[in-house]
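Comments concern the structure below.
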Amino acid sequence: MSPMNQSKPMTLREKNRLRARQELLDVVLDLFSEGGLSACSMDVVAKRVGASKTTAYSHFPGGVDEMLRELYTLVSRRVVASAREAHDEKTAAAEKILALAEALLSVCAEKKVGHFYMMLSPVLSPLLEPVVGYASAAFRDMITSDLATVGFAPEHAEPVSVLLTGAMRECAREVAKSPDRLSEMLSTFDALSRLIVEQFPKTCSGV
């Protein structure tokens with residue numbers, strides 16, 4: 001590989017800055033878990049980390065709003081990366097779709113993360129609107145491709161992928177509220193998705 005294509009190693013200063021940003025994000029997640037959006041402020045975040053508010057703003061000039069958007073983006077990327085890896089290891093369409101659900105619901109079973117990622121309130125939703133939808137779009141694309149491999153016509157594959165992604169998110173919300181329902185929600189989603197994958201093409205073809 002040409003040296004021009006190799007990633008430049010991070011300097012100690014860059015590593016320290018990255019670690020400091022992550023510490024701030026971890027604190028915001030803790031605060032949100034404890035008291036919702038109203039519990040999050042730059043004063044409290046800085047105090048919890050043991051830094052000045054000026055230092056906190058140097059990492060996130062947009063304040064708490066920017067931190068929450070960054071946190072949501074990181075969780076979304078984590079979900080998609082994990083889901084895509086698990087999805088690509090499977091061969092059957094139903095197994096691929098279940099792998100996506102397993103990745104999402106497993107993350108949402110982590111109490112703090114799930115509460116933040118799935119429990120969008122009327123106050124929080126507008127704040128996160130610019131970064132919401134990345135995972136859902138990725139899931140819809142993968143499911144649409146999976147359905148095409150088992151005989152779904154293009155005009156059916158896309159809307160069914162929307163339906164399955166929506167069902168998956170509803171299951172994830174339940175898991176975020178009650179992590180002990182993880183297995184129940186996964187098995188329920190699996191039964192639903194398999195029924196659709198196996199029966200929908202037959203219904204449409206009149207078989």
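In table form, for the structure just shown:
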item	result
Pair list, Cβ < 6 Å and 6+ apart or interchain, from the stretch 166-178 residues that are of a type outside the set (A, V, I, L, M, F, W, C) to residues that are assigned to a helix (DSSP H, G or I) and at pLDDT below 95	173/118
Some residue of the stretch 56-75 being touching a Phe, Trp or Tyr at 6+ places or on another chain (Cβ under 9 Å), loosely packed, with under 14 Cβ neighbours inside 10 Å and either at pLDDT 95 or above or within 21 Å of residue 110 (Cα to Cα) (or both)	no
Sole residue being crowded, with 17+ Cβ neighbours inside 10 Å, among the small types (Gly, Ala, Ser) and either under 17 Å from residue 140 (Cα atoms) or at pLDDT below 95 (or both), chosen from 92, 81, 103	103
Selection from the stretch 121-170 of residues that are farther than 27 Å from residue 29 by Cβ and among the hydroxyl-bearing types (Ser, Thr, Tyr)	144, 145, 149, 161
Residue satisfying condition, being part of a helix (DSSP H, G or I), small (Gly, Ala, Ser) and assigned by TED's automatic domain parsing to the domain that holds residue 161, within set 20, 94, 56	94
Evaluation of residue 131 against (1) without any contact (Cβ under 8 Å) to a residue 24 or more places away in the chain; (2) surrounded by fewer than 17 Cβ atoms within 10 Å (Cβ to Cβ); (3) not polar (S, T, N, Q) (one fails), failing number	(1)
Odd one out for residue 114 among (1) at pLDDT 95 or above; (2) closer than 24 Å to residue 184 by Cβ	(1)
Failed item, numbered, when residue 190 is tested on (1) surrounded by 19 or more Cβ atoms within 10 Å (Cβ to Cβ); (2) at pLDDT 95 or above; (3) over 30 Å from residue 68 (Cβ atoms)	(1)
Residue under evaluation residue 166, criteria (1) over 30 Å from residue 64 (Cα atoms); (2) in a helix (DSSP H, G or I), criterion not met	(1)
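The values are calculated or read from the model by the stated rules, or taken from the named source; none is laboratory data. Computed from a predicted model, the values in this text were never measured in an experiment. Cβ coordinates were reconstructed from backbone atoms using ideal geometry, including for glycine residues, and neighbour counts include every protein chain displayed.
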